[in-house]
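Have a look at the structure below, then the notes.
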Amino acid sequence: MTVLPHQEGSWTDGHMVVCGDDGLARRLAAELRDIYRRHVVLVVPGGQTGARGTEPAAAHDGQTPPAGNATAAVPPLREVSAAAPTREALRRARVEGAAALALLYEDDETNLRAALAARRLNPGLRLVVRMYNRRLGDHLEQLLDQAALVTASANDRTVLDASTTVLSDADTATPALVATAIADTRKVIQADGLLLRAAERPAPGRGEVPDPGLCTLALLSSATTDPAGAEGSDTSGSDAPELLPDERAVQAAQGRGAIVLEAVRRASAAPPPRRLARRGAPLGEVFSARLRWAVACIAAAVLALTATTAVLTDADPVHAAYLTLLDLFSINDPALDDSTTRQVLQLLSGLVGLALLPLLVAGALEALGTFRTANALRRPPRGLSEHIVLLGLGKIGARVLARLREYDIPVVCVEQDPDARGIPLARDLGVPVILGDVTEDGVLDAARVHRADALLALTSSDTTNLEAVLAARTLNGGLRTVLRIYDDDFATAVYRTLRSAHPDAVTRSRSVSHLAAPAFAGAMMGRQILGAIPVERKVLLFAALLVAGHPQLEGRTVAESFRPNAWRILALDTADPAARRPDLASTPHDGAQPQLLWDLHPGYVLRPEDRVVIAATRSGLAELLAPGPAPYSGSSSAGR
């Protein structure tokens with residue numbers, strides 16, 4: 001990556017500004033520059049300028065850029081040295097003419113002060129703010145959006161709502177971590193609560209009909225030796241991969257693998273908390289099977305003895321039941337002066353009571369213990385299998401747990417700190433939790449890791465995650481493992497080592513900054529970008545956009561709007577324009593119905609008010625977005 005020193009007035013307005021003090025800032029700058037082809041100004045503390053090196057530039061997508069489109073060229077990255085994002089530092093980065101600004105400092109107060117200063121310098125600036133305090137972030141988002149609305153010239157809520165976006169590492173990294181655990185791939189896009197995977201299909205054999213999925217996204221290179229294996233290490237042959245091919249190209253592709261889009265599963269509302277989780281146990285747990293059997297046996301004995309007493313002693317049923325209960329609980333006077341029949345019935349009732357009362361007492365004590373320990377954490381059931389073991393319930397782990405439950409995945413959590421952030425959530429959702437150090441003997445056994453499908457190691461310690469994975473592999477050699485690693489280089493080294501040591505098992509190492517960068521980049525692009533999927537050395541982008549203002553789409557049918565190797569319409573937003581969700585990548589709220597129609601008829605005519613989801617190459621998306629007007633009076637069209 002080319003890094004140029006700051007030069008006043010050496011770039012045009014409409015650039016992106018990234019401010020931060022850790023690896024996420026450089027990762028985001030590389031994402032914007034290499035994938036979206038945007039001019040980026042990186043503001044970092046003075047000691048970090050050029051100290052860590054730069055990310056390798058991604059290769060071109062192989063498409064011919066549209067004429068006159070400067071975003072197709074790889075722009076340089078410019079750095080500004082500043083100890084803090086002060087008003088002066090923001091002026092040096094030319095925030096007044098920028099299209100978007102990302103504030104990625106680890107301190108919430110620093111990001112808050114910088115966001116307020118930037119909004120005053122450029123009221124129409126698109127802001128993406130990293131905040132750990134989500135409640136404060138929500139208030140900040142509303143406040144800054146109100147300031148943007150004052151000067152906004154557009155009325156489209158899907159554009160105005162994108163003026164300020166508050167994100168956190170945990171929120172943005174969660175979908176990729178969950179996707180890796182569920183679908184064993186990083187090539188996943190979430191749209192309208194639907195988890196979509198770019199599945200790689202090997203070349204079909206003679207007589208085989210490949211599964212087309214929702215659509216064919218790409219044809220792999222003809223001599224790719226490991227299309228689904230090493231991440232980032234693709235060996236292409238003479239034919240480069242072809243993105244978004246038409247039907248003729250797909251049918252003519254003999255001996256070439258393909259990447260198709262398929263639905264993995266749809267997220268639902270998270271299971272509601274247990275009704276009595278804060279006050280006691282559910283009735284089904286208090287009245288256990290043992291207690292119910294004891295009560296049923298006693299009731300049957302009382303009925304039988306009452307009927308026998310009523311028949312043999314000529315007593316009325318009520319009096320016979322009364323005498324039976326007294327005899328059963330051994331609180332009646334001995335029937336010394338009564339008939340032999342009455343004496344035999346009393347002895348029989350006493351013997352039955354002696355047999356059943358201990359069972360009733362044991363059931364009652366068990367119910368009392370269950371009620372008293374209702375707020376304690378659940379233990380994994382004995383027969384549990386095919387579940388996911390989640391290590392760590394901090395910021396990342398808690399959000400991953402919530403997302404896994406949205407997909408109705410069975411989970412067992414392991415956490416050392418009883419006051420961790422995700423413990424109350426696990427208790428409310430009824431998720432089993434093992435309290436203990438995962439590196440100690442017996443903890444992974446208690447989590448039933450030998451019968452698990454996957455292990456997510458998400459603690460804050462890289463060494464703990466690595467040790468846990470190595471220990472789990474000794475118990476379950478075929479276990480799918482996902483590690484959270486802070487440093488991206490270390491994550492790559494760990495992945496390659498574990499893959500070599502366990503070639504038959506699936507291992508994925510994940511850097512949180514690497515996972516979070518695409519979501520931050522999408523927010524800076526105005527929340528139009530749903531995600532990006534790598535195809536060997538090329539990239540496919542998924543975006544949601546309005547048809548209005550795009551002559552390549554407006555008034556055309558779905559089939560006519562398809563441009564091979566450039567863009568393709570995948571889905572139509574069926575919601576009323578006034579009720580559309582600005583962020584289609586989010587999970588629908590409770591009770592909300594899916595609004596994207598994926599089985600779209602090729603003859604459907606696109607209207608200006610329609611919003612569609614498209615897959616596009618870099619150059620194709622740049623051509624589609626280039627004609628769009630500026631969303632705010634203070635921003636240039638380059639920010640679109």
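Just so you know, all these numbers are worked out from the coordinates, no wet-lab data involved. Quick caveat: nothing in here was measured; it's all calculated off a predicted structure. So basically every Cβ, Gly included, is an ideal-geometry build from the backbone, and we count neighbours across all protein chains shown.
Once the convex hull of all Cα atoms in the range 408-461 is built, its volume per residue stands at 89 Å³. The local environment of R382, defined by Cβ-Cβ distances under 12 Å, has a net charge of +3 under the rule Lys, Arg +1 and Asp, Glu -1. In this structure the amide hydrogen of V80, modeled in the peptide plane, comes within under 5 Å of the amide hydrogens of L42, V43, V44, none closer than 5 places in sequence on its chain.
For the range 312-326, the Karplus equation 6.51 cos²θ - 1.76 cosθ + 1.60, evaluated at θ = phi - 60°, returns couplings of 8, 10, 6, 7, 5, x, 5, 5, 5, 5, 4, 5, 5, 5, 4 Hz by residue, with Gly and Pro reported as x. Applying the Kirkwood pairwise sum to the alpha-carbon positions of the range 383-497 produces a hydrodynamic radius of 14.0 angstrom.
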